[in-house]
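Here, each number is a calculation from the coordinates, and none is a lab measurement. Remember, it's a predicted structure, so these values are computed and weren't measured experimentally. Neighbour counts are summed over all protein chains in view; Cβ atoms, including those assigned to glycine, are modelled from backbone coordinates with ideal geometry.
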Amino acid sequence: MRGVYFNNGEVELREVGETASDGVRVRARSIGICGSDLHMLEMKFPLKCIAGHEVAGILDDGTPVAVEPMAPCSECACCCSGDYNLCQGGAATTLGIGRDGCMADELRVPQRSLVYLPSNVEVKDACLIEPLAVAVHGMRRAGLESNQRVAVIGGGTIGLCAVAVAVANSASVKLLARYEHQTAAGRRLGAEDIEGHCDIVVECTGDGDTLKQAVDLCRPGGRILLLGTYWGGISLPQLVLMLKEITLVPSYMYSAVGAVRDFDVAAALLSRNPEIAEVLITHRFPLSEARQAFAVARDRKSGAIKVVLEP
């Protein structure tokens, strides 16, 4: 079996033994390269396990699934309330961070992590369910309602997923993106030109400097949803934030409301709008070309949005 590791800022594809982890075996068929993977690589984060957390694949009986990449304890107060993304086990519960991830020929996950695909969702596209679930969870926390005005800052995968989720909920959405190909992708997903302040501003870049722009765009009494990961911390225009009584809404991964997981909602959204995959997945590479795939994913000027590995 092959697995992708990060070694001092470099991508390495290694031969590894079959995982000793308990759980259901998933033979990977599509693996997304996430912005957080790129950040960890660039920061030379001391990742000791196989990388990656966006994956879909096939069970031994041929059933196609996506994988919710967590193995929470299911016993702490957060898990019992449905907020298992806040499990007291911390990073050790997350694939690609505290335990072997999905950038491999196969992986083993708890039965609870399996997300069975709608019949019209192809497994080669289903790694997108993970970033869609991030946006679903965030929009739920931000209290998104139909007919609201939403601004999304950042045209990477998470930003474009936020556009798709907002449009699916009948919101008016504008996208502020750095590159023309991102703007074009946003328009295909339903972003439009809207003027004035917005009820919800979604900050997806992970760049603390853009939070001032988010505050400026947000209406008094509105909300700023933080979907980006701020590795270097943030600074805020506190006075304006206070004068406008803006609510900051941090969001982390995904969870569930009752029996309905954010992942299930994301899978249904991809089923209803297959064009999301056509728009977001711009490059596909075999697992053997993982190093080249990461190089393309880092170069946003090349037109890359979501780069997918296919074992």
Cβ-Cβ cut-off under 14 Å around residue 6, Lys and Arg +1, Asp and Glu -1: the net charge is 0
Among 49, 80, 34, determine the one that fluctuates most according to a GNM of the chain built with springs between C-alpha atoms less than 10 Å apart. 80
Can you tell which of 53, 137, 283 shows the greatest fluctuation in a Gaussian network model of the chain with Cα springs below 10 Å? 283
Only helices counted: for the chain, with every DSSP H run of 4 or more residues adding -39500 (n - 2.57) and the sum spread over all residues, [θ] at 222 nm is -7500 deg cm²/dmol
Using Cα positions and a limit of under 29 Å, work out the lysines in reach of residue 244, with same-chain residues fewer than 8 apart set aside. 174, 212
Going from the alpha-carbon gyration tensor of the range 211-275, what semi-axes, largest first and in whole Å, does one get by taking the root of 5 times each eigenvalue? 30, 14, 13
With springs only between Cα atoms under 10 Å apart, run a GNM on the chain and tell me which of 155, 32, 206 wobbles the most. 206
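Given a Förster distance of 22 angstrom, what is the FRET efficiency for residue 145 paired with residue 195, based on the Cβ-Cβ distance and rounded to 0.05?
E between residue 145 and residue 195, to the nearest 0.05, is 0.65.
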Only bridges whose two residues both fall in the chain count here: according to DSSP, what percent of them are antiparallel, nearest 5? 55 percent
Averaged over all directions, how much area does the convex hull of the C-alpha atoms of the chain cover when projected, in nm²? 15.1 nm²
For residue 256, enumerate residues with amide H under 5 Å from its amide H, sequence gap 5+ or separate chain, H modeled in the peptide plane. 84, 262
So which trypsin sites (Lys or Arg not before Pro) in the range 1-100 end up in coil per DSSP with only 12 or fewer other C-beta atoms within 10 Å? 44, 48
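Count the net charge of all other residues whose Cβ sits under 14 Å from the Cβ of residue 254, scoring Lys and Arg as +1 and Asp and Glu as -1.
Surrounding charge for residue 254 is -2.
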At a Cα cut-off below 28 Å, give the lysines reachable from residue 124, other chains included and same-chain residues fewer than 8 away excluded. 48, 301, 306
Provide Rg over Rh for the range 143-250; use the alpha carbon set for both Rg and the Kirkwood Rh (inverse mean inverse pair distance). 0.94
